[in-house]
Ligand SMILES: Nc1ncnc2c1ncn2[C@@H]1O[C@H](COP(=O)(O)OP(=O)(O)OP(=O)(O)O)[C@@H](O)[C@H]1O
Ligand SMILES: [Mg+2]
């Protein structure tokens, strides 16, 4: 379980995260939503060790992990993917997957001379794991394709596959559905659900697509202006008044004090003056 306790992350005068507290339960698929600039990615970066928080704590199973580097967190099975997929474009999909596990003996030139058998056995094990991932994600047709030639959605699927190459406990997905067509989005959604149900992965995912969120996530947490605004089922959060207001752009700071209903100016179509004819003289 991850517990985020009153985390602040300020960039100069900008309070990107401004006192956020939340819990990501082990075994859940937790959704993180909120309008642009709400601080979602910054909070992910704090949890995943890319940013040190200005203040506050992050606990993993009761242990303080605040300020650990991404490598140290990776060793504990905590991973994140990036809002923009980071693939090696001139390697194939299979090779990209095989790049993930660190400390391979073959990475050291000396061991390729002194212990070639061990290097080969290790490479075979990693290849077998990569093939398992390819099969699980049902992407054999692109296994030998250069990653640079994949569509945006296929790159996201590869990103998900890369998390499967190590025994990840918790995976953070930042806008895995952004720019992905509906069919591929469903494939990604299915893979996430199966990883959660069949392999016990915990997910925390930032997403803007509410249909996708509703299908996968429980609970859903909504952030706005660096704070947690609401938490509950997708349905609860969707119907939460403060959430609706934050999305409409009114913002918390500008929340109207009066309860007077807003009236829309009436359309004047009936009395609308006709557009003036161009006054330009013809030659
Ligand atoms: N490195 C940085 N330096 C300065 N300001 C930053 C930095 N990173 C983020 N911010 C600011 O912090 C605020 C929160 O940004 P963040 O990227 O966390 O929002 P977000 O919720 O992920 O938005 P989106 O949905 O658009 O991805 C924004 O005002 C952003 O401009
Ligand atoms: Mg973001």
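Numbers for the structure displayed
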{"item": "Meets criteria (closer than 21 Å to residue 234 by Cβ and more than 16 Å from ligand 2 (Cβ to nearest atom)) for residue 55", "result": "no"}
{"item": "Test for residue 74: is it within 16 Å of ligand 2 (Cβ to nearest atom), closer than 29 Å to residue 15 by Cβ and either modelled with pLDDT under 85 or part of a helix (DSSP H, G or I) (or both)", "result": "no"}
{"item": "Test: residue in segment 33-50 that is more than 8 Å from ligand 1 (Cβ to nearest atom), assigned to a loop (DSSP other than H, G, I, E, B), more than 17 Å from residue 81 (Cβ to Cβ) and modelled with pLDDT of 95 or more", "result": "no"}
{"item": "Those residues of segment 9-27 which are surrounded by fewer than 18 Cβ atoms within 10 Å (Cβ to Cβ), at negative phi and in contact with a helix residue (DSSP H, G or I) (Cβ under 9 Å, 6 or more places away or on another chain), in sequence order", "result": "11"}
{"item": "When residues of segment 196-213 are limited to those that are within 16 Å of ligand 1 (Cβ to nearest atom) and without any contact (Cβ under 8 Å) to a residue 40 or more places away in the chain, the one farthest from residue 175 (Cα to Cα)", "result": "212"}
{"item": "Given (1) at pLDDT below 90; (2) part of a helix (DSSP H, G or I), number of the condition residue 176 does not satisfy", "result": "(2)"}
{"item": "Given (1) part of a helix (DSSP H, G or I); (2) touching a strand residue (DSSP E or B) at 6+ places or on another chain (Cβ under 6 Å), number of the condition residue 184 does not satisfy", "result": "(2)"}
{"item": "Selection count where residues are crowded, with 22+ Cβ neighbours inside 10 Å, more than 26 Å from residue 240 (Cα to Cα) and within 16 Å of ligand 2 (Cβ to nearest atom), scope segment 173-229", "result": "1"}
{"item": "Residue identified as away from ligand 1 (no atom under 16 Å from the Cβ) and not assigned by TED's automatic domain parsing to the domain that holds residue 29 among 193, 216, 160, 185", "result": "160"}
{"item": "Top-ranked residue in segment 84-98 [being in a loop (DSSP other than H, G, I, E, B) and crowded, with 17+ Cβ neighbours inside 10 Å; ranked as modelled with the lowest pLDDT]", "result": "85"}
{"item": "Within segment 36-64, tally of residues that are surrounded by fewer than 19 Cβ atoms within 10 Å (Cβ to Cβ) and farther than 11 Å from residue 9 by Cβ", "result": "8"}
{"item": "Residue that is nearest to residue 209 (Cα to Cα) [pool: residues in segment 13-32 that are in a strand (DSSP E or B) and more than 11 Å from ligand 1 (Cβ to nearest atom)]", "result": "31"}
{"item": "Output for segment 221-234, where each listed residue is within 18 Å of residue 248 (Cβ to Cβ), in contact with a strand residue (DSSP E or B) (Cβ under 8 Å, 6 or more places away or on another chain) and outside any loop (DSSP other than H, G, I, E, B)", "result": "222, 223, 227, 229, 230"}
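The values are calculated or read from the model by the stated rules, or taken from the named source; none is laboratory data. Please read all numbers here as calculations on a predicted model, not as lab measurements. Reconstructed Cβ throughout: ideal geometry from the backbone, glycine too, with neighbour counts over all protein chains shown.
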